[in-house]
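Peer 1: Got a structure here, written out as structure tokens. Questions coming.
The values are calculated or read from the model by the stated rules, or taken from the named source; none is laboratory data. Predicted model only: the values in this text are computed from it and were never measured. Please note: Cβ atoms are built from the backbone with ideal geometry, for glycine as well, and neighbour counts cover all protein chains shown. Keep in mind that these areas ignore ligands, DNA and RNA; they rest on the heavy atoms of the full protein, side chains included. Shrake-Rupley method; radii C 1.70, N 1.55, O 1.52, S 1.80 Å.
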Amino acid sequence: MAEQNLRARVEQALADLRPALAMDGGDVELVGIADGVVRVRLMGACSGCPMAAMTLVGFVEERLKSQIPEIRGVESV
């Protein structure tokens, strides 16, 4: 139950981020969560973008960690 609740909270947080990513033609997909690490796939213009690592850490990870304290990190797969 707690895992489903965490997944739902992460999905909601990612949904809140999508409009900002979409402004540059990008998107993000939740792949999974394990041991407090969220695994995502950057898509669209974000996939392969030279700034993708900065977007992942400076935007996606920062927002998720601020909204969901039990998240320890975010990885791109």
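Peer 1: Just need a number here: residues in segment 33-55 that are within 13 Å of residue 71 (Cβ to Cβ) and not acidic (Asp, Glu).
Peer 2: 7
Peer 1: Name the residue that is surrounded by the fewest Cβ atoms within 10 Å (Cβ to Cβ), counting only residues in segment 40-72 that are more than 17 Å from residue 19 (Cα to Cα), in contact with a Leu (Cβ under 8 Å, 6 or more places away or on another chain) and modelled with pLDDT of 95 or more.
Peer 2: 68
Peer 1: Tally up the residues in segment 4-33 that are open to solvent by 40 Å² or more (accessible area, probe 1.4 Å) and not in a helix (DSSP H, G or I), please.
Peer 2: 7
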